[in-house]
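The structure appears right after this line, and notes come after that.
The values are calculated or read from the model by the stated rules, or taken from the named source; none is laboratory data. Not measured: the values here are computed from a predicted model. When we count neighbours, we look across all protein chains shown, and the Cβ atoms used for this are built from the backbone with ideal geometry, even at glycine.
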Amino acid sequence: MQTLTDMSPDEYVAAIETFRRQKDAYFATSPDSPIPDELRTLAFAGLRYYPADLTYRIVADLSVFHGPRVIRLGATGGDLRPQLRYAQLSFHLMGEQCHLLAFKDADDPNATELFVPFKDATSGGQTYGAGRYLEAQDEPDEPSPRTVVLDFNLAYSPYCAYNAAYSCPLPPAENVLPMPIIAGALLFPVDH
């Protein structure tokens, strides 16, 4: 199977659009959808996204913390969520040096999936105010220096953006980017 890295720009955009259509179909039909039933049956026409842009698909340097520790991230419901504070991701975007913390599931420190909650200059305006999420794949066997792909075109809003019944982890203060990230999911309108 071809990975996003192996694709031409046109193939990449087509793959992102296919992924988004599949997500919309899931949100429209699944009993596990975060979209409230009344919105799905009356008016749900899919989520809104920024157009896919390869500028926002970047390679970040991954620096694993010595002795990663479990911290508690605040959540939209007022609770605290344990997360393993695993690594710092460093990258350049729009001419600026940026850093984001990457987390792992506190119950599965050997997982390869990294959780990267973030806010940016669009948060609370064009995108969900509490922030958006990214996931990245860590390859622990990769020789140093290690890197991961951060694809902001895949940035998504947590379930609490669609339904107040959910409580979602909030990005820590270290994960607020100063620039607008014009990629990924847009704000879900309440009058959708």
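Remarks
- When residues in the stretch 17-53 are screened for being under 19 Å from the mean Cα position of the chain (by Cα), under 13 Å from PHE188 (Cα atoms) and outside any helix (DSSP H, G or I), 7 of them pass.
Let's see how each residue does on (1) farther than 26 Å from ASN175 by Cβ; (2) at pLDDT 95 or above; (3) β-branched (Val, Ile, Thr):
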| residue | (1), (2), (3) |
| --- | --- |
| PRO9 | yes, no, no |
| ARG20 | no, yes, no |
| ALA25 | yes, no, no |
| THR41 | yes, no, yes |
| ALA52 | no, yes, no |
| TYR56 | no, yes, no |
| ARG69 | no, no, no |
| LEU89 | no, yes, no |
| MET94 | no, no, no |
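- Matching residues, the stretch 29-52, being surrounded by fewer than 16 Cβ atoms within 10 Å (Cβ to Cβ) and either under 28 Å from GLU96 (Cα atoms) or among the hydrophobic types (A, V, I, L, M, F, W, C) (or both): LEU42, ALA43, ALA45, ARG48, PRO51
- Selection count where residues are over 10 Å from LYS119 (Cβ atoms) and either surrounded by 14 or more Cβ atoms within 10 Å (Cβ to Cβ) or in contact with an Asp or Glu (Cβ under 6 Å, 6 or more places away or on another chain) (or both), scope the stretch 164-192: 13
- From PRO109, PRO82, residue being touching a Lys or Arg at 6+ places or on another chain (Cβ under 7 Å) and either closer than 15 Å to PRO172 by Cα or not small (Gly, Ala, Ser) (or both): PRO82
- Counting only residues that are of a type in the set (Lys, Arg) and within 19 Å of the chain's Cα centre (by Cα), the stretch 60-76 holds 1 of them.
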